[in-house]
Amino acid sequence: MKMMTAEIVKKLPKLYATEQVATAEKRIIFKLFCPWSNWTWFIVEGGLQADGDWLFFGLVDGLEREFGYFSLNELMSITGPGGLKIERDLYFGSPLVKECKECQDIV
């Protein structure tokens, strides 16, 4: 599955672009998830790096729930049981953080 489509790139705010936006008002552009565990990444900003990798900022729901930075190459290097990989939720949409049911305890 292609993670970065032309549509996502067009909609994705550059890194630090939403710094002054309240957490509840940040828009989640897309969601990645780990199909063999409960880890989920809600991406709100991103930037293409000089090495061709994407650096994202968003809500990470794993051992803790916190906003942070993570790279696409880092996530794509993860392999689970049976060769499973991190996937993009094709049906998630682009809600505000306050509209995301999975993010309610953050706002």
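The values are calculated or read from the model by the stated rules, or taken from the named source; none is laboratory data. None of the values given here were measured: they were computed from a predicted structure. Heads up, the Cβs are rebuilt from the backbone with ideal geometry, glycines too, and the neighbour counts pull from every protein chain shown. What goes into the accessible areas is simple: the full protein's heavy atoms, side chains included, and nothing from ligands, DNA or RNA. Shrake-Rupley method; radii C 1.70, N 1.55, O 1.52, S 1.80 Å.
Among the strands (runs of 3 or more DSSP E) confined to the chain, the ones with at least 1 residues that are of a type in the set (Ser, Thr, Tyr) and at pLDDT 95 or above are located at 40-48, 65-71.
Just a yes or no: is a residue in the stretch 22-43 exposed (fewer than 15 other Cβ atoms within 10 Å of the Cβ) and basic (Lys, Arg)? The answer is no, given that none of the residues of the stretch 22-43 is exposed (fewer than 15 other Cβ atoms within 10 Å of the Cβ) and basic (Lys, Arg). Please identify the pairs in which a residue from the stretch 4-18 that is within 11 Å of residue 46 (Cα to Cα) has its Cβ atom under 8 Å from the Cβ atom of a residue that is open to solvent by less than 40 Å² (accessible area, probe 1.4 Å) and basic (Lys, Arg), counting only partners at least 6 apart or on another chain. Partner pairs satisfying both residue conditions: 18/26. Among the residues of the stretch 51-70, is any free of Cβ contacts under 8 Å to residues at least 60 places away in the same chain, touching a Gly at 6+ places or on another chain (Cβ under 6 Å) and open to solvent by 30 Å² or more (accessible area, probe 1.4 Å)? Checking the stretch 51-70: at least one residue is free of Cβ contacts under 8 Å to residues at least 60 places away in the same chain, touching a Gly at 6+ places or on another chain (Cβ under 6 Å) and open to solvent by 30 Å² or more (accessible area, probe 1.4 Å). Of the numbered conditions (1) of a type outside the set (A, V, I, L, M, F, W, C); (2) under 23 Å from residue 64 (Cβ atoms); (3) touching a residue at least 24 places away in the same chain (Cβ under 8 Å); (4) out of contact with any Gly (no Cβ under 9 Å at 6 or more places or on another chain), residue 38 satisfies every one except a single condition; which is it? The one condition residue 38 does not meet is (4).
Selection within the stretch 11-35: residues that are over 18 Å from residue 71 (Cα atoms) and of a type in the set (Gly, Ala, Ser). The member of this set that is nearest to the chain's Cα centre (by Cα) is 24.
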